[in-house]
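Enquirer: Provided herewith is a single structure, encoded as structure tokens, for subsequent inquiry.
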Amino acid sequence: MTARALADTGAWRDQLLPQMQRLGVASVPIALFIAVFTGIVLALLASYIFTGTVPLYFVGALVGKTIMMELGPVLTGMALAGRVGANVAAELGTMKVTEQVDALETLGWNPRAYLVVPRVLAATVMFPVVTAFAMAIGVVAGWITAVNLLDLSTPEFTKGLRMFYQFKDIWFGLVKAASFGAAVALIGCLKGLATSGGAAGVGTNTTRAVVLGCEAILVLDAFWALVLL
Amino acid sequence: MIRLDGVVKRFGARTVLDGVSFAVPEGRTLALLGRSGTGKSVILKHIVGLLRADAGTVTVDGHDVAALDDDGLAALRREIGYVFQFAALFDSMTCEENLRLALARRGLDEAEIAERIAAALATVGLPDVGPRYPAELSGGMRKRVGIARAVVIRPRYILWDEPTTGLDPVTTATMDLLMQRVRAELGVTAVVVTHDLRSAFAVADEIAFLHEGRIRAHASVTAFQASEDPIVRQFLEGRPE
């Protein structure tokens, strides 16, 4: 059924870009907001841990590794699980209880192809994009904090940042982000389409979608760590 | 022709339809009456394949709806216009886009699509609402746009789900005229689910009365009005239990 929906490109092709804009581009501000403060806190935390024991340029290493491999994708994913998961579940849930999904079917459209596929594809593509921005901004925020508050020079920070850097650090985070996007959007869609019982049902299923989306992110995070590290 | 034979539908432990049978011949209009919650709208959803019966068969044009594959069901739905109780317009789209969605994938060129949309909106007396969103319209106007969306495909069958519920008497009378006009212009076979006796008597050729999951009475309008069945009489006279 899902493969059939995916193959029905005429149903979802025109909606892909608007959904990418809605679910991805519009999520950039919240992701960057989180990334800035994560970078600041990580730099301060690293300084607190390393002072007197480890050379302070390791602050760059910790900020870079942690943001790229873990906190960037996971915190962005969590924020987007709330924003995107709730958005999708509430929209589709409302369509379901107001018979718009039935109407779509009677007009000869497959709701999975028309509603689910563009949202899942858009989130799968855009979560890594948003996460990449968050990674960059998080590292920059850590660098600015280190330079201004920790008496660390830019060369020292970048020395630490490059010391343990591997290209895998980035793609590992982005692969995770793509899987988070697929999971969050799919759960939102399925919960939305399973809604019944009017406004109360929409509220209940929206909450479930957000909670399940967050749980899925944590499970997938552990899965990728086991498989790729 | 639309035909139901012994249709049974259960939702959990509750049996909503318990062996419903009736037929609507080509070009005729059947009004399906009954108290709230008796499964009238459920019957419409079986006809268009949104629900599957637990037992019995629903056939349209001789095709068993439950046995159709996705392509067969899509082909059948291209022949059926469905007017939802609360219009079920896509609220993220303008009225014109709602109608355009109904016409998409039918191999029509842009000129014909535009012509059909204009004609359908004119039929329901709302030629200028195309650029407006459903939220900008009154309930009665939304219902009429819902009708336009159903007739724009020029269907052979129309299923009307409570077309006059919640409307004032004047708008209800307008809606009755509209249903008659659609029938005259398109020659459709129709099933009308309604509580509104006056509306049912105005638009239908036959009345079927659903009670406790079964068709309690099925007759011409005049015969139904003269029915001596106590349950039918109670409904006609609006007497409390």
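The values are calculated or read from the model by the stated rules, or taken from the named source; none is laboratory data. Small disclaimer: the values here were computed from a predicted structure and weren't measured. Every residue, glycine as well, gets a Cβ built from its backbone with ideal geometry; the counts of neighbours run over all protein chains shown.
Enquirer: Can B:V145 be described as crowded, with 19+ Cβ neighbours inside 10 Å, more than 18 Å from B:L44 (Cβ to Cβ) and not polar (S, T, N, Q)?
Expert: When the stated conditions are applied, B:V145 passes them.
Enquirer: Anything in the stretch B:114-137 that is within 14 Å of chain A (Cβ to nearest Cβ) and part of a loop (DSSP other than H, G, I, E, B)? List them, or say none.
Expert: B:Y133, the sole residue that qualifies.
Enquirer: When you check B:A55 against the structure, is it at pLDDT below 95, away from chain A (no Cβ under 11 Å) and over 23 Å from B:I147 (Cβ atoms), yes or no?
Expert: Values: at pLDDT below 95: no; away from chain A (no Cβ under 11 Å): yes; over 23 Å from B:I147 (Cβ atoms): yes.
Against the criterion (at pLDDT below 95, away from chain A (no Cβ under 11 Å) and over 23 Å from B:I147 (Cβ atoms)), B:A55 does not qualify.
Enquirer: Any residue in the stretch A:91-99 that is within 14 Å of chain B (Cβ to nearest Cβ) and touching a strand residue (DSSP E or B) at 6+ places or on another chain (Cβ under 8 Å)?
Expert: no
Enquirer: Now for a different question. Scan the stretch B:144-162 for residues that are of a type in the set (S, T, Y) and not in a strand (DSSP E or B) and report the count.
Expert: Residues flagged as of a type in the set (S, T, Y) and not in a strand (DSSP E or B) within the stretch B:144-162 amount to 0.
Enquirer: With respect to B:A111, is the statement that it is of a type outside the set (V, I, T), out of contact with any Lys or Arg (no Cβ under 9 Å at 6 or more places or on another chain) and either within 12 Å of another protein chain (Cβ to nearest Cβ) or over 22 Å from A:K96 (Cβ atoms) (or both) true?
Expert: Values: of a type outside the set (V, I, T): yes; out of contact with any Lys or Arg (no Cβ under 9 Å at 6 or more places or on another chain): yes; either within 12 Å of another protein chain (Cβ to nearest Cβ) or over 22 Å from A:K96 (Cβ atoms) (or both): yes.
Answer is yes for this residue.
Enquirer: I would also like to ask the following. Quick one: which of A:L107, A:L115 is under 20 Å from A:L17 (Cα atoms) and either within 14 Å of another protein chain (Cβ to nearest Cβ) or of a type in the set (D, E) (or both)?
Expert: When all the criteria are applied, what remains is A:L115.
Enquirer: Quick one: A:R208 ticks every box in (1) part of a helix (DSSP H, G or I); (2) farther than 18 Å from A:L71 by Cα; (3) touching a Ser or Thr at 6+ places or on another chain (Cβ under 9 Å) except a single one, so which number is it?
Expert: (3)
Enquirer: Among (1) without any contact (Cβ under 8 Å) to a residue 60 or more places away in the chain; (2) hydrophobic (A, V, I, L, M, F, W, C); (3) surrounded by 16 or more Cβ atoms within 10 Å (Cβ to Cβ), where does B:A75 come up short?
Expert: Here B:A75 meets the rest and fails (3).
Enquirer: Would you confirm whether or not the stretch A:77-88 contains a residue that is more than 13 Å from chain B (Cβ to nearest Cβ) and among the charged types (D, E, K, R)?
Expert: For the stretch A:77-88, residues more than 13 Å from chain B (Cβ to nearest Cβ) and among the charged types (D, E, K, R): present.
Enquirer: Right, something else. One residue is enough: does the stretch A:162-170 have a residue meeting the conditions in contact with a Lys or Arg (Cβ under 7 Å, 6 or more places away or on another chain) and either assigned to a helix (DSSP H, G or I) or within 14 Å of chain B (Cβ to nearest Cβ) (or both)?
Expert: Here is the first cut: in the stretch A:162-170, the ones in contact with a Lys or Arg (Cβ under 7 Å, 6 or more places away or on another chain) are A:164, A:169.
Okay, now just the ones that are also either assigned to a helix (DSSP H, G or I) or within 14 Å of chain B (Cβ to nearest Cβ) (or both), so A:169.
Within the stretch A:162-170, one or more residues are in contact with a Lys or Arg (Cβ under 7 Å, 6 or more places away or on another chain) and either assigned to a helix (DSSP H, G or I) or within 14 Å of chain B (Cβ to nearest Cβ) (or both).
Enquirer: Continuing with the same structure: Of the numbered conditions (1) among the charged types (D, E, K, R); (2) touching an Asp or Glu at 6+ places or on another chain (Cβ under 9 Å); (3) over 15 Å from A:L71 (Cα atoms), A:D221 satisfies every one except a single condition; which is it?
Expert: (3)
Enquirer: Inside the stretch B:58-97, can you point out the residues that are acidic (D, E), more than 9 Å from every other protein chain (Cβ to nearest Cβ) and assigned to a loop (DSSP other than H, G, I, E, B)?
Expert: Across the stretch B:58-97, the qualifying residues are B:D61, B:D69, B:E79.
Enquirer: Which numbered condition trips up A:R83, out of (1) surrounded by 20 or more Cβ atoms within 10 Å (Cβ to Cβ); (2) without any contact (Cβ under 8 Å) to a residue 60 or more places away in the chain; (3) among the charged types (D, E, K, R)?
Expert: Of everything listed in (1) surrounded by 20 or more Cβ atoms within 10 Å (Cβ to Cβ); (2) without any contact (Cβ under 8 Å) to a residue 60 or more places away in the chain; (3) among the charged types (D, E, K, R), A:R83 misses just condition (1).
Enquirer: Kindly list the number of the only condition in (1) farther than 14 Å from A:A177 by Cα; (2) modelled with pLDDT under 95 that fails for A:G93.
Expert: (2)
Enquirer: Just to check your reading of the model, which residue among A:A177, A:A222, A:A216 is modelled with pLDDT of 95 or more and more than 15 Å from the chain's Cα centre (by Cα)?
Expert: A:A222
Enquirer: Now, a different point. Considering only the stretch A:42-152, give the helices (runs of 4 or more DSSP H) lying wholly within it that have at least 1 residues that are under 12 Å from the mean Cα position of the chain (by Cα) and among the small types (G, A, S).
Expert: Here the list reads A:72-80, A:117-149.
Enquirer: Additional query: Of the residues that sit in the stretch B:22-50 and are in contact with a Leu (Cβ under 6 Å, 6 or more places away or on another chain), closer than 24 Å to B:A67 by Cα and more than 14 Å from chain A (Cβ to nearest Cβ), which one is surrounded by the fewest Cβ atoms within 10 Å (Cβ to Cβ)?
Expert: B:F22
Results for (1) touching a residue at least 12 places away in the same chain (Cβ under 8 Å); (2) more than 18 Å from A:W224 (Cα to Cα); (3) surrounded by 24 or more Cβ atoms within 10 Å (Cβ to Cβ), shown as yes or no for each residue.
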{"position": "A:F127", "(1), (2), (3)": "yes, no, yes"}
{"position": "A:V130", "(1), (2), (3)": "yes, yes, yes"}
{"position": "A:A134", "(1), (2), (3)": "yes, yes, yes"}
{"position": "A:A141", "(1), (2), (3)": "yes, yes, no"}
{"position": "A:A146", "(1), (2), (3)": "yes, yes, yes"}
{"position": "A:L149", "(1), (2), (3)": "yes, yes, no"}
{"position": "A:I170", "(1), (2), (3)": "yes, no, no"}
{"position": "A:G181", "(1), (2), (3)": "yes, no, yes"}
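Enquirer: Kindly indicate whether any position in the stretch B:27-45 is of a type in the set (A, V, I, L, M, F, W, C) and over 14 Å from the mean Cα position of the chain (by Cα).
Expert: The answer is no; no qualifying residue exists.
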